[in-house]
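J.: Quick one: the structure is below, questions incoming.
The values are calculated or read from the model by the stated rules, or taken from the named source; none is laboratory data. What you see is a predicted model, and the numbers here were worked out from it, not measured in a lab. Virtual Cβ from ideal backbone geometry, glycine too; neighbours counted across all protein chains shown.
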């Protein structure tokens with residue numbers, strides 16, 4: 001079956017799915033960045049490195065300890081979350097009162113350290129990691145073959161993103177978080193342990209990145225550089241979506257993945273730049289981003 | 001039992017914002033069940049005194065005992081748990097929270113020591129401020145100025161705090177709302193709350209307070225009881241320019 005546009009439907013759909021998979025990673029990463037920025041006022045440049053660390057840990061768990069994908073899907077975010085707690089308590093804590101640029105520089109430094117260590121340990125050629133047995137193969141939907149693992153990635157990340165959104169927007173804990181984002185001092189004066197909340201938020205944000213890293217391990221090559229390649233696009237996604245809104249960063253992430261995927265079909269030359277092109281347009285029309293609030 | 005321990009006892013309190021030394025040895029005692037008003041010009045250090053009690057200034061020195069417990073060395077988030085509720089001048093209503101979420105935000109204080117005044121229920125607060133019930137689902141900052149003020153005061157009544165710090169609650173509000181707030185203060189007093197107010201609106205504060213402190217240049221310069229108010233008027237006129 002052909003559309004008038006001259007692209008076979010299965011090819012279009014598979015690019016769409018590929019776009020959704022990338023979009024799922026964008027969404028999880030930009031969500032974490034937005035939550036961290038909201039409460040800590042820190043642009044977490046280390047997000048890509050911690051995403052990579054999540055994937056490398058999944059690989060290492062299998063390689064050295066025989067821990068399978070499902071175990072590492074839990075363990076890896078926990079370990080990276082704890083690393084995040086240590087980073088926050090030992091380093092980030094000291095720079096909250098300073099200009100954003102210091103947070104950016106510090107987290108960039110942390111990125112270079114993590115990536116450097118991983119590079120000297122594992123080199124830059126990718127480490128092989130295959131999807132778990134249960135998710136190998138593809139399902140025939142009649143009009144296309146749906147690779148099981150990719151469907152799982154999209155499904156799992158949408159669930160995680162929506163759960164995060166629900167927690168922040170609809171629960172008491174989320175109310176503390178939203179209030180803390182607006183005026184941490186007053187929330188603290190009400191007797192809420194805001195410093196602890198800040199630490200745990202950073203831990204959660206980077207755990208989300210590690211979760212995305214484990215999900216990505218079977219689809220993107222596991223390599224010390226995998227975070228670098230992704231994080232630049234994710235920052236563009238954050239700029240497009242705006243920092244203010246949780247749902248905004250989820251929707252923007254998925255949508256930009258899809259747009260990128262479609263660009264690969266219709267005009268492949270632009271697929272690497274389309275996100276940045278959109279960023280330029282959004283910045284000209286809505287400097288605070290699509291969902292951001294002007295301050 | 002604990003009736004003779006003051007709700008708030010401040011001795012030689014110094015506080016700084018960065019390099020600037022704002023409070024220069026404040027001494028202030030508020031007994032249980034009293035309503036005390038801090039008077040003074042703008043910049044005299046009244047708001048800073050409240051912020052220093054909550055640990056919201058920079059460095060602090062001296063002694064602040066809340067319900068008998070020394071809190072000068074404690075981080076801000078622990079101070080509330082000694083039974084204190086703070087309503088800041090800027091009201092600090094959260095725009096990303098609904099009216100109801102704002103009201104329910106401050107946690108009920110577990111360690112509220114000597115808390116012989118249990119927190120009010122949501123229903124009691126709505127009964128006192130019916131407007132808030134109607135606007136439950138509205139975004140916090142969409143409320144009118146008066147409603148925001150009711151919300152800012154109402155939300156610290158739920159927590160079980162028995163010592164309330166109210167900073168300029170009558171400021172910029174319509175007379176009918178100021179009257180409602182005055183009735184609220186009298187009701188709180190009847191219920192046994194201890195209230196410290198910072199007020200610019202002398203006519204609002206004068207009939208409510210049991211005692212007055214006057215601040216100037218970051219220190220207390222006058223203290224007197226409500227019964228001495230008439231006799232003190234000339235001094236007050238000079239100090240405050242009222």
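J.: Exactly one of these conditions fails for residue B:20: (1) over 23 Å from residue B:156 (Cα atoms); (2) touching a strand residue (DSSP E or B) at 6+ places or on another chain (Cβ under 8 Å). Give me its number.
T.: Result: residue B:20 fails condition (2) only.
J.: Sticking with this structure for a sec: Could you list, in sequence order, all residues of region A:64-91 that are without any contact (Cβ under 8 Å) to a residue 12 or more places away in the chain and on the phi < 0 side of the Ramachandran plot?
T.: A:64, A:65, A:67, A:71, A:74, A:86, A:90
Results for (1) buried (at least 20 other Cβ atoms within 10 Å of the Cβ); (2) in a helix (DSSP H, G or I); (3) touching a helix residue (DSSP H, G or I) at 6+ places or on another chain (Cβ under 8 Å), shown as yes or no for each residue.
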site: A:240; (1), (2), (3): yes, yes, yes
site: A:243; (1), (2), (3): yes, no, yes
site: A:250; (1), (2), (3): yes, yes, yes
site: A:259; (1), (2), (3): no, yes, yes
site: A:263; (1), (2), (3): yes, yes, yes
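J.: Out of region B:63-97, which residues are out of contact with any helix residue (DSSP H, G or I) (no Cβ under 8 Å at 6 or more places or on another chain), in a helix (DSSP H, G or I) and at the interface with chain A (Cβ under 9 Å from one of its Cβ atoms)?
T.: Scanning region B:63-97 gives B:78, B:81.
J.: Does region B:117-136 include one or more residues that are in contact with a helix residue (DSSP H, G or I) (Cβ under 9 Å, 6 or more places away or on another chain) and under 22 Å from residue A:184 (Cβ atoms)?
T.: No, region B:117-136 contains no residue that is in contact with a helix residue (DSSP H, G or I) (Cβ under 9 Å, 6 or more places away or on another chain) and under 22 Å from residue A:184 (Cβ atoms).
J.: Scanning for something more than 9 Å from chain A (Cβ to nearest Cβ), farther than 29 Å from residue B:9 by Cα and out of contact with any strand residue (DSSP E or B) (no Cβ under 8 Å at 6 or more places or on another chain), does region B:105-118 turn up at least one residue?
T.: No, that holds for no residue.
For every residue, the table says whether it meets (1) touching a strand residue (DSSP E or B) at 6+ places or on another chain (Cβ under 6 Å); (2) in a strand (DSSP E or B); (3) farther than 28 Å from residue B:187 by Cα.
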residue	(1), (2), (3)
B:10	yes, yes, no
B:15	yes, yes, yes
B:26	yes, yes, yes
B:39	yes, yes, no
B:44	yes, no, yes
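J.: Okay, moving on. Filter region B:214-231 down to residues that are in contact with a helix residue (DSSP H, G or I) (Cβ under 9 Å, 6 or more places away or on another chain) and within 29 Å of residue B:174 (Cβ to Cβ) and give me whichever is modelled with the lowest pLDDT.
T.: Only one residue fits best here, namely B:229.
J.: Using the structure shown, decide if residue B:160 is within 30 Å of residue B:69 (Cβ to Cβ) and in contact with a helix residue (DSSP H, G or I) (Cβ under 6 Å, 6 or more places away or on another chain).
T.: no
J.: Which condition breaks for residue A:130 when tested against (1) in a loop (DSSP other than H, G, I, E, B); (2) away from every other protein chain (no Cβ under 14 Å); (3) free of Cβ contacts under 8 Å to residues at least 24 places away in the same chain?
T.: (3)
J.: Of everything in region A:144-202, what is within 14 Å of chain B (Cβ to nearest Cβ), in contact with a helix residue (DSSP H, G or I) (Cβ under 8 Å, 6 or more places away or on another chain) and part of a loop (DSSP other than H, G, I, E, B)? Give them in sequence order.
T.: Of everything in region A:144-202, those that are within 14 Å of chain B (Cβ to nearest Cβ), in contact with a helix residue (DSSP H, G or I) (Cβ under 8 Å, 6 or more places away or on another chain) and part of a loop (DSSP other than H, G, I, E, B) turn out to be A:190, A:191, A:192, A:193.
J.: Then there is this: Can you pull out every residue in region B:137-168 that is over 18 Å from residue A:187 (Cα atoms) and touching a strand residue (DSSP E or B) at 6+ places or on another chain (Cβ under 8 Å)?
T.: Correct list: B:137, B:138, B:162, B:168.
J.: Answer yes or no: is there a residue in region A:183-200 that is closer than 24 Å to residue A:211 by Cβ and modelled with pLDDT under 95.
T.: Scanning region A:183-200, I find no residue that is closer than 24 Å to residue A:211 by Cβ and modelled with pLDDT under 95, so the answer is no.
J.: Here is a follow-up. When only residues in region A:208-224 that are buried (at least 24 other Cβ atoms within 10 Å of the Cβ) and more than 9 Å from residue A:55 (Cβ to Cβ) count, which is farthest from the other protein chains (Cβ to nearest Cβ)?
T.: Residue satisfying both the conditions and the ranking: A:224.
J.: Does region B:130-146 hold any residues that are touching a residue at least 40 places away in the same chain (Cβ under 8 Å) and either closer than 16 Å to residue B:183 by Cα or more than 14 Å from chain A (Cβ to nearest Cβ) (or both), and which are they?
T.: Correct list: B:138, B:143.
Yes/no matrix, rows are residues, columns are (1) more than 25 Å from residue A:96 (Cα to Cα); (2) at pLDDT 90 or above:
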site: A:17; (1), (2): yes, yes
site: A:25; (1), (2): yes, yes
site: A:31; (1), (2): no, yes
site: A:35; (1), (2): no, yes
site: A:38; (1), (2): no, no
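J.: For the structure I just gave you, tell me whether residue B:100 is in contact with a strand residue (DSSP E or B) (Cβ under 8 Å, 6 or more places away or on another chain) and either in a helix (DSSP H, G or I) or within 14 Å of another protein chain (Cβ to nearest Cβ) (or both). Break it down stepwise before answering.
T.: Details: in contact with a strand residue (DSSP E or B) (Cβ under 8 Å, 6 or more places away or on another chain): no; either in a helix (DSSP H, G or I) or within 14 Å of another protein chain (Cβ to nearest Cβ) (or both): yes.
Here the answer is no, as residue B:100 does not meet what is asked.
J.: Among A:102, A:122, A:149, A:129, which is farther than 23 Å from residue A:220 by Cα and surrounded by 13 or more Cβ atoms within 10 Å (Cβ to Cβ)?
T.: Numbers: A:122 fails: farther than 23 Å from residue A:220 by Cα; A:149 fails: farther than 23 Å from residue A:220 by Cα; A:129 fails: farther than 23 Å from residue A:220 by Cα.
Being farther than 23 Å from residue A:220 by Cα and surrounded by 13 or more Cβ atoms within 10 Å (Cβ to Cβ) holds for just one of A:102, A:122, A:149, A:129, which is A:102.
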